[in-house]
Amino acid sequence: LPLYWHWTRPQSTHPSQPGHVRAERSNGRPAGELGVNPAMMYVAVAPGRGGLAPGETLTLHYGSSDPDRFSPVKADPFAEDAQIFRVTVDGDGDGTYTDIDDPPGLRLIARPALRLLATLTPSLAMPGSETVVRVAPLDGSDNLDESFDGEVDLFWIREGASADTIPISSLHPRARGTARWTGRLPSEPGRYRILARADGLEEGLSNPLTTRSNPGSRRLVWADLHGHSALSDGTGSADDYHFYAKYVAGLDAASLTDHDQHGLFPLSEGAWKEQQKIARAYNEPGKYVAMMGYEYTNWVSGHRNVYFRGEGGPVLAWSDSLYDTPPELHAALEADRALTVPHHTAGQPIPIDWSYHDPILEPLVEITSVHGVSEYVGAPGAVRGAKEGHTVIDALDRGYRLAFIGSGDGHVGHPGRRLSPFPWGMAGLWVDELTRDGVFEALKRRSVFATTGPRIVVRFSVGGVPMGSVAESGSEAGDTSAAPLPVLGEVLGTQPIELIEIVKNGEPIVGFAPDDEPLSPKISLEIDAARGDYLYLRVTQSDQAMAWSSPVWVE
């Protein structure tokens, strides 16, 4: 029976209680011994001596609507096209089970929509430039209601202005209940949101978009680069995953990173090729990047995602003795075609062993995800079981140059969406172009920052170089003393900013609450820094959402 997520646990002893299972044979004979494992969600049937005759069927009942013994079953709350009920058979009784070719399945559909989700891209742009709005009708579990066919009205809201909402368009759903509008931003510089309304639904207020005459030479894009499908330990297919990322969550980039050897099925060569095919179909340069990746699920030294520049190389699984340590994995990867990102480094389900690090192939760390924050032990929203020696700051203190990304590590088929009440993660990337190459290069050169989910924009520089870079010390050659360096920062929050901190060598040395511009504060100061120091910006909003710039290292 489906292990993910929240299906009713099976039981065989109480016919009128939820999840009752029973088996019957088509010839009317006793079905045989019935074994039930509620924790692992499986039912085993042993028909007995002689097994099943040719043409005979064995039927397993999971729950019942019989009025005499009503046994309800609760399904997964997360929609998907094909929830498979895995069936394996040990035909000769030798203890080896084989999957049947065509297992039964169900389509799980959303409940009627309750609210609208609106996303607005990009987050930084020139006045009057092109923008894209996506609107999706969601139920209470953030599933897309594909049956929705109502009219959606869109309005501009300029934050801080006294004017009322400005109507701009009315839309009808196109792609499976979702709607898309492409148009021009207002000509007046400012901070804007989209308000989406439809009869009977809670209105949707988009993320903010800031227009200015010089938004920067690189484009800011949003990505969720870590998630799982029903192939391993999640919900939905690869197609479900990329559709949701592109058309529902309005992401610029996403990566499906199923486990190499963990969950229901291994990431076989055939499954990998199918994921490549689906990613290729969704990948659309300039609009959406479907990045290839997988999770190297090492239960000794920790979990790392492997990302590829293009179509992706072979899956080098931890279960293969050729690649069962990180040094062996890195030795087999091409430095210009792949990179790795450790995650939930500080604690459960397994911390990262920082005794080994490849500075070329591992330029990043996932600082926040559904598992929590790994910045330091005791951090707000910290990963469970956080341990000293395994945090992100512990790695930085070893001299590792790791930039920060956030990503969901979602297991419910909703990339880019937070599963309340759990933490989450999102990556902001400064790209030269929205292509697979462009995203890969931004990751490799550390032009990235992290948030716990909201699209909080962060800029940070030290000594005139941007986050993820190396700044020159202001002292003379051979001088290890500290010298003042200019530090600049800017934050564009989704809610008022409660606290901005500058962290130096793992400790906050500057912290303040911006009073004048709580939604878009800027900082400009000098900080003494010496060779070997690192600095980064940490942001906390009034809703307790957080963001981190990547560090700048001083040489």
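The values are calculated or read from the model by the stated rules, or taken from the named source; none is laboratory data. Computed from a predicted structure; not experimentally measured. FYI the Cβ positions are ideal-geometry reconstructions off the backbone, even for glycines, and counts take in every protein chain you see.
Test Asp258 against the criterion of being surrounded by 19 or more Cβ atoms within 10 Å (Cβ to Cβ) and without any contact (Cβ under 8 Å) to a residue 40 or more places away in the chain, and give yes or no.
The answer is yes for Asp258.
Residues Arg22, Arg49: which one is out of contact with any Cys (no Cβ under 8 Å at 6 or more places or on another chain) and surrounded by 16 or more Cβ atoms within 10 Å (Cβ to Cβ)? Even if it seems obvious, please write down each step before you answer.
Details: Arg49 fails: surrounded by 16 or more Cβ atoms within 10 Å (Cβ to Cβ).
Step by step, each of Arg22, Arg49 is checked, and only Arg22 is out of contact with any Cys (no Cβ under 8 Å at 6 or more places or on another chain) and surrounded by 16 or more Cβ atoms within 10 Å (Cβ to Cβ).
For the stretch 137-183, enumerate the residues that are hydrophobic (A, V, I, L, M, F, W, C) and either within 23 Å of Lys246 (Cβ to Cβ) or assigned to a loop (DSSP other than H, G, I, E, B) (or both).
Those that are hydrophobic (A, V, I, L, M, F, W, C) and either within 23 Å of Lys246 (Cβ to Cβ) or assigned to a loop (DSSP other than H, G, I, E, B) (or both): Leu138, Leu144, Phe148, Val152, Leu154, Ala161, Ala163, Ile168, Leu171, Ala175, Ala179, Trp181.
Given the residues Leu231, Leu267, Leu251, Leu225, which is the only one that is touching a residue at least 40 places away in the same chain (Cβ under 8 Å), within 14 Å of Glu295 (Cα to Cα) and under 15 Å from the mean Cα position of the chain (by Cα)?
Leu225
Of the residues Ala245, Ala281, which is surrounded by fewer than 18 Cβ atoms within 10 Å (Cβ to Cβ) and touching a strand residue (DSSP E or B) at 6+ places or on another chain (Cβ under 9 Å)?
When all the criteria are applied, what remains is Ala281.
Suppose the filter is assigned to a strand (DSSP E or B), closer than 21 Å to Ala483 by Cα and at pLDDT 95 or above; does Trp548 pass it?
no
Looking at the stretch 80-89, is at least one residue among the charged types (D, E, K, R), touching a strand residue (DSSP E or B) at 6+ places or on another chain (Cβ under 8 Å) and farther than 30 Å from Asp239 by Cβ? Spell out how you get there, then give the answer.
Just the residues of the stretch 80-89 that are among the charged types (D, E, K, R), to begin with: 80-81, 86.
Imposing the further condition that a residue be touching a strand residue (DSSP E or B) at 6+ places or on another chain (Cβ under 8 Å) reduces the set to 80-81, 86.
Adding the requirement that they be farther than 30 Å from Asp239 by Cβ leaves none.
No, there is no match, as no residue in the stretch 80-89 is among the charged types (D, E, K, R), touching a strand residue (DSSP E or B) at 6+ places or on another chain (Cβ under 8 Å) and farther than 30 Å from Asp239 by Cβ.
Among residues belonging to the stretch 470-494 that are in a loop (DSSP other than H, G, I, E, B) and in contact with a strand residue (DSSP E or B) (Cβ under 6 Å, 6 or more places away or on another chain), point out the one that is nearest to Glu362 (Cα to Cα). Write out each step before concluding.
Restricting attention to the stretch 470-494, the residues satisfying the condition of being in a loop (DSSP other than H, G, I, E, B) are 472-482, 493-494.
Next, only the ones that are in contact with a strand residue (DSSP E or B) (Cβ under 6 Å, 6 or more places away or on another chain) stay: 473-475, 482, 493.
Working: Ser473: 25, Gly474: 28, Ser475: 30, Ala482: 29, Gly493: 29 Å.
Looking at the filtered set, the residue picked out is Ser473.
If only one of Ser475, Ser469 is at pLDDT below 95, over 19 Å from Glu375 (Cα atoms) and surrounded by fewer than 21 Cβ atoms within 10 Å (Cβ to Cβ), which one is it?
Ser475
Using beta carbons and a limit of 7 Å, which pairs, at least six apart or on different chains, have the first residue in the stretch 304-333 and within 16 Å of Met292 (Cβ to Cβ) and of a type in the set (A, V, I, L, M, F, W, C) and the second one assigned to a helix (DSSP H, G or I) and at pLDDT 95 or above?
Once the first residue is within 16 Å of Met292 (Cβ to Cβ) and of a type in the set (A, V, I, L, M, F, W, C) and sits in the stretch 304-333, its partners that are assigned to a helix (DSSP H, G or I) and at pLDDT 95 or above give Val315/Trp272; Leu316/Leu329; Leu316/Ala332.
Could you say which residue among Glu159, Glu188, Glu151 is loosely packed, with under 14 Cβ neighbours inside 10 Å and in contact with a His (Cβ under 7 Å, 6 or more places away or on another chain)?
Glu151
If you go through the stretch 522-540 one residue at a time, do you hit one that is within 28 Å of the chain's Cα centre (by Cα), within 25 Å of Gly160 (Cβ to Cβ) and assigned to a loop (DSSP other than H, G, I, E, B)?
no
Taking only the stretch 30-83 into account, find how many residues are of a type outside the set (Val, Ile, Thr) and touching a residue at least 60 places away in the same chain (Cβ under 8 Å).
12
Taking only the stretch 98-128 into account, find how many residues are part of a loop (DSSP other than H, G, I, E, B) and either modelled with pLDDT of 95 or more or in contact with a Cys (Cβ under 8 Å, 6 or more places away or on another chain) (or both).
So the count comes out to 11.
Quick check on my filter: what residues within the stretch 423-440 are touching a strand residue (DSSP E or B) at 6+ places or on another chain (Cβ under 8 Å) and surrounded by fewer than 18 Cβ atoms within 10 Å (Cβ to Cβ)?
Scanning the stretch 423-440 gives Asp432, Glu433, Thr435.
So, Thr119, is that one under 30 Å from Pro186 (Cβ atoms) and hydroxyl-bearing (Ser, Thr, Tyr) or not? Walk me through how you get there before you give the answer.
On the way: under 30 Å from Pro186 (Cβ atoms): yes; hydroxyl-bearing (Ser, Thr, Tyr): yes.
Yes, satisfied.
Could you pull out every one of the strands (runs of 3 or more DSSP E) wholly within the stretch 305-416 that has 1 or more residues that are crowded, with 24+ Cβ neighbours inside 10 Å, on the phi < 0 side of the Ramachandran plot and hydroxyl-bearing (Ser, Thr, Tyr)?
Counting at least 1 such residues, we get 364-369.
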